[in-house]
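Visitor: Next up is a structure, given as structure tokens.
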Amino acid sequence: MPICYISTNLKDDKVAGDLEDKLQECIAEVLNKPSERITVTINTGLRMKFNGERQPGLLCQLRSIGVFDKERNPSYFPHLFHTLTKATGLPPSSITIEFVDIPAYMVMNGSALSSK
């Protein structure tokens with residue numbers, strides 16, 4: 001159940017309209033997770049600073065269960081980075097990706113209610 005949060009100071013019209021779809025596909029492929037279990041949230045027009053300056057930038061926080069570590073993370077980065085740069089036109093120095101490993105007991109959705 002990967003969860004992806006995109007935060008950017010770009011205006012909404014400067015971000016590809018299909019970024020949610022492209023990220024969902026990319027995350028599913030890269031993490032080998034079912035796409036219907038992936039949540040993508042995009043927040044645009046935020047007040048942010050990157051590299052100590054008020055410049056265009058993007059932070060991608062990707063959370064998932066049991067797939068992130070120092071050996072695997074470098075292989076995920078290029079695929080996600082390509083999707084983000086293509087959708088925004090931002091230079092490499094203006095995009096940061098944070099991988100967050102979460103314990104399974106920290107994530108629940110409505111399907112947990114139907115199993116009781």
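The values are calculated or read from the model by the stated rules, or taken from the named source; none is laboratory data. This is a predicted model, so every value here is computed, not measured. Cβ placement follows ideal geometry from the backbone for every residue including glycine, while neighbour counts extend to all protein chains displayed.
Visitor: Can you report the number of residues in the stretch 18-29 which are within 12 Å of residue 84 (Cα to Cα) and loosely packed, with under 12 Cβ neighbours inside 10 Å?
Guide: 1
Visitor: Out of all the residues in the stretch 6-30, which are within 13 Å of the chain's Cα centre (by Cα) and of a type outside the set (Val, Ile, Thr)?
Guide: Correct list: 7, 19, 20, 21, 22, 23, 24, 25, 26, 28.
Visitor: When residues of the stretch 67-84 are filtered for being free of Cβ contacts under 8 Å to residues at least 12 places away in the same chain and acidic (Asp, Glu), how many remain?
Guide: Total meeting the criteria: 1.
Visitor: Could you give me the residue pairs with C-beta distances under 9 Å whose first residue belongs to the stretch 92-105 and is of a type outside the set (D, E, K, R), whose second residue is exposed (fewer than 11 other Cβ atoms within 10 Å of the Cβ) wherever it lies, and which are 6+ apart or on separate chains?
Guide: 93/51; 94/51; 99/69; 102/66; 103/66; 104/66
Visitor: Would you point out the residue of the stretch 39-71, among those that are within 25 Å of residue 103 (Cβ to Cβ) and under 10 Å from the mean Cα position of the chain (by Cα), that is surrounded by the fewest Cβ atoms within 10 Å (Cβ to Cβ)?
Guide: So, considering only residues that are within 25 Å of residue 103 (Cβ to Cβ) and under 10 Å from the mean Cα position of the chain (by Cα), the one surrounded by the fewest Cβ atoms within 10 Å (Cβ to Cβ) is 41.
Visitor: For residue 65, state whether it is more than 17 Å from residue 6 (Cα to Cα) and in contact with a helix residue (DSSP H, G or I) (Cβ under 9 Å, 6 or more places away or on another chain).
Guide: Yes: the conditions hold for residue 65.
Visitor: So if I check each of 100, 107, which one is within 15 Å of the chain's Cα centre (by Cα) and either at pLDDT 95 or above or farther than 15 Å from residue 19 by Cα (or both)?
Guide: Sole residue among the options that is within 15 Å of the chain's Cα centre (by Cα) and either at pLDDT 95 or above or farther than 15 Å from residue 19 by Cα (or both): 100.
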